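Report on one structure; see the data block that follows.
The values are calculated or read from the model by the stated rules, or taken from the named source; none is laboratory data. Computed from a prediction, not measured in an experiment: that's the story for all the values here. When we count neighbours, we look across all protein chains shown, and the Cβ atoms used for this are built from the backbone with ideal geometry, even at glycine.
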């Protein structure tokens, strides 16, 4: 990970939505959920409809993030992770770059709020 990007994200702000608000935004098509965990963590399941993009790639080469952001520049991006820390960093980085990004908390909170958790597509 790029320590400079992570440090800079500490001084940026991004909204943090309740899980219920995130669900409504996703169901309406207004927002796209993004799982910001590392690939090895996706094996245990991801939120239904979630795109998988790791924080490591966001702060690094952006192999997966760059084309994804170009194709979704007009979408609201809701980032979640395992505990809500990586998603907060990612949301701040993206917000600082001009994207509509928010911290959507943790996968456990999505699951507890009855959002379907599914096996990741290969």
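Before moving on, here are some points about what is shown:
- Reported count of residues in segment 65-114, each being at positive phi and touching a residue at least 24 places away in the same chain (Cβ under 8 Å), is 2.
- All of (1) outside any loop (DSSP other than H, G, I, E, B); (2) modelled with pLDDT of 95 or more hold for residue 21 with one exception: (2).
- In this structure, residue 48 does not satisfy being under 12 Å from the mean Cα position of the chain (by Cα), surrounded by fewer than 18 Cβ atoms within 10 Å (Cβ to Cβ) and either farther than 17 Å from residue 102 by Cα or at pLDDT 95 or above (or both).
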